[in-house]
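Working notes, beginning with the structure itself.
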Amino acid sequence: MKISRLAQAGALAAVAAVALAGCASSSTSDSSASASATASIDASLTGTITAGGSSAQANAQTAWAAAFTSVATGVTINYDKTLGSGGGRTNFIAGSLDFAGSDAPLSADETTEAAATYTSGAVNLPIYLDGVAVAYNSSISDSLNLSTETIAKIFSGQITNWSDDAITADNGGTALADQAINVVVRSDSSGTANNFTNFLYASDPTDWTWAGSGTFPADITGVDAQKGGGAVATEIAGVAGSIGYLDNSAIIDGVSAASVNGIELTSDTVAEAFTAGATENSNGVDGDLSLKFDYDAINSDADAYPIPLLSYAIIPLEFTDTENADATISYLQFIATSTGQQVAAAKANSVPLPQSILDEVQATLATVK
């Protein structure tokens, strides 16, 4: 499901010239949705959408907002990526956001809390698909492969030097330089951390004994903790010997993504992981579209990248403040079109969601009021 250069160029043109219907569709999307994307945006909409959360979504949100407001010029969209996924969910539950972006759906407790804030509760709508990169300082190696076991041992502090025999074995017997490993992690509550640690715990509970969590285990000492994906990327690029976890869109110059078990992080391999392992996991609220990953199924697929990341828009079924409801619903409806997905793919290097998922998101949004 790799996006062609033509499709990427079309998506960028959509942002720059509002030629939203001109984007090419990928093999998983329906071109008819692209053709109607511009018409579905009401140019007379007004209001200020206040949202925030996932830093993984940040580049996509920038592109989506630019495309949407090029048509709905009376709408302002403010997305605060500094909150992180955990902060996004917390602020949404408190009623201070029109929607939250999160790389993890509301927990059971958060679902209950949201129901106390919003009549009829809140739902998690998939809008963004990518992979969690095992990201390293590019000076370490031109290419790097790490097994699940080696990753677990590096991040738990069992492997501390790049010349370790396990890393050498993962790379066909080629030893890396004798250099200390600097492990960079998120200090804030992060959906990227949640996806990364869920993968480790499900795939290698012997070497990684901590259950998946949005916060990196506090009892693992000696790590370099940074707030936000951007800060993690900057630290990895700037500190020799560094490795960390990042949404693929956050990779910058000086940072590279390792192959995991010999599988590169690409649009194709992430799409394969979603197809192989995404399963329904509703929070029980009508219209909720939460999913979870079956890592056994993903790890059994030789073409699937083992650490996919699915990110959500969290939205009430009934807005307590209706002033910006129409604009928020319309914005999310745009995101959940093949055109919206292609815009994100071009800007954030994300993977367009299958049309079947987008159709389900549209069906839920049609019930929101």
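Could you derive backbone 3J(HN,Hα) for region 333-350 from the dihedral phi with the Karplus parameters 6.51, -1.76 and 1.60 (θ = phi - 60°), listing whole Hz in sequence and x where the residue is Gly or Pro?
Coupling constants for region 333-350: 5, 5, 4, 8, 10, 4, 5, x, 5, 5, 4, 5, 4, 6, 8, 10, 6, 7 Hz.
If I fit a long axis through the Cα atoms of helix 191-203 and take the longest principal axis of the Cα atoms of the chain, what angle between them do I get, 0 to 90°, rounded to 10?
Relative to the chain, helix 191-203 is tipped by roughly 50 degrees.
Taking the chain as a Gaussian network, Cα atoms linked when under 10 Å apart, which of 256, 282, 102 shows the biggest mean-square fluctuation?
Of 256, 282, 102, the Gaussian network model singles out 282 as fluctuating most.
Count the net charge of all other residues whose Cβ sits under 14 Å from the Cβ of residue 319, scoring Lys and Arg as +1 and Asp and Glu as -1.
That sum, taken over residues with Cβ under 14 Å, equals -4.
Quick one: pull the percent of accessible area on the chain belonging to carbon and sulfur, 1.4 Å probe, ligands and nucleic acids left out.
With neighbouring chains kept in place, the figure for the chain is 47 percent.
For region 304-369, restrict the atom set to alpha-carbon positions and state the Rg and Dmax in Å.
Values for region 304-369 (Cα only, Rg and Dmax): 13.3, 43 Å.
What does the convex hull of the alpha-carbon atoms of region 139-288 project to on average, in nm²?
It is 9.9 nm².
Accessible area per residue for region 300-361 in Å², computed with a 1.4 Å probe and the full protein assembly in place, what is it?
27
Pick from 101, 238, 121 the residue whose mean-square fluctuation is largest in a GNM of the chain, springs joining Cα atoms under 10 Å.
In this elastic network of the chain, the residue with the biggest mean-square fluctuation among 101, 238, 121 is 238.
Based on the alpha carbon coordinates of the chain, what radius of gyration and maximum Cα-Cα distance (Dmax) apply, in Å?
20.1, 63
In degrees from 0 to 90, rounded to the nearest 10, what is the angle of the helix 5-17 Cα long axis to the longest principal axis of the chain?
Compared with the principal axis, the helix lies near 50 degrees.
Enumerate the amide H contacts of residue 247 below 5 Å, restricted to partners 5 or more residues apart or on another chain; note that Pro and chain-start residues carry no placed amide H.
133
Go through 153/227; 81/153; 81/292; 153/347 and tell me which ones have a Cα-Cα distance over 26 Å in this structure.
The pairs that break the limit, which is 26 Å between Cα atoms, are 81/153; 153/347.
Mind pulling the angle between the C-alpha long axis of helix 229-238 and the longest principal axis of the chain? Nearest 10 degrees, somewhere in 0 to 90.
Long axis of 229-238 versus the principal axis of the chain: about 30 degrees.
Provide the three semi-axes, in whole Å and in decreasing order, of the ellipsoid equivalent to region 85-219 as defined by the square roots of 5 times the Cα gyration tensor eigenvalues.
Semi-axis lengths for region 85-219 are 37, 14, 12 Å.
Region 221-280: Rg/Rh from Cα coordinates, Kirkwood Rh?
1.04
Placing +1 on the Cβ of each Lys and Arg and -1 on the Cβ of each Asp and Glu in the chain, which of 63, 152, 185 has its Cα farthest towards the positive end of the resulting dipole?
Checking the options against the dipole of the chain, the answer is 63.
With 10 Å bins from zero, work out the P(r) of region 242-346 over every alpha carbon pair and list the percent per bin.
Result returned by the calculation: 12, 32, 34, 17, 5, 0.
Mind pulling the per residue volume of the convex hull built on the Cα atoms of region 152-218? Å³ is fine.
91
Dividing the Cα convex hull volume of region 181-248 by residue count, how many Å³ per residue is that?
Given the Cα convex hull of region 181-248, per-residue volume reads 85 Å³.
The values are calculated or read from the model by the stated rules, or taken from the named source; none is laboratory data. The shown structure was predicted, so the numbers you read here are calculated from the model rather than taken from an experiment. Please note: Cβ atoms are built from the backbone with ideal geometry, for glycine as well, and neighbour counts cover all protein chains shown. Protein only, heavy atoms only, side chains kept; ligands, DNA and RNA dropped before computing areas. Shrake-Rupley method; radii C 1.70, N 1.55, O 1.52, S 1.80 Å.
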